[in-house]
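The values are calculated or read from the model by the stated rules, or taken from the named source; none is laboratory data. This one's a predicted model, so the numbers in the text were calculated from it and none came from an experiment. Please note: Cβ atoms are built from the backbone with ideal geometry, for glycine as well, and neighbour counts cover all protein chains shown.
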Amino acid sequence: MRRVHDHEEVDVTEHKRFTATPHEHHEITISVNEMPVKLQGRTATGAEIKAAAIKQGVLIQQNFILQEELPNGTSRVIGDNDVVHLREHLRFTAIAPDDNS
């Protein structure tokens, strides 16, 4: 059996059969401002990460600036429309746009 990916074109000929199955359940835990945040799926935008954090009780607002904390001690800004490939233990900070620290 071969898996057909989203938006993949398939040549349909006689006697080919397709079975639709739900996507596998993929839940990971990241941290935002040192608080655990659970997300579903393999990717999320910056806006989706902030919305999930807010919904799960992290005291931030949607207009906060989101940064991914990198293993080398630096960080990178994640825009609201930037896509992040999710994996366990990613760390983010979210700061108010007028915070000069």
Looking only at the range 34-47, which residues are surrounded by 15 or more Cβ atoms within 10 Å (Cβ to Cβ) and either among the aromatic types (Phe, Trp, Tyr) or touching a Leu at 6+ places or on another chain (Cβ under 8 Å) (or both)? 39, 44, 46
Top-ranked residue in the range 43-101 [being at pLDDT below 95 and among the hydroxyl-bearing types (Ser, Thr, Tyr); ranked as nearest to residue 28 (Cα to Cα)]: 43
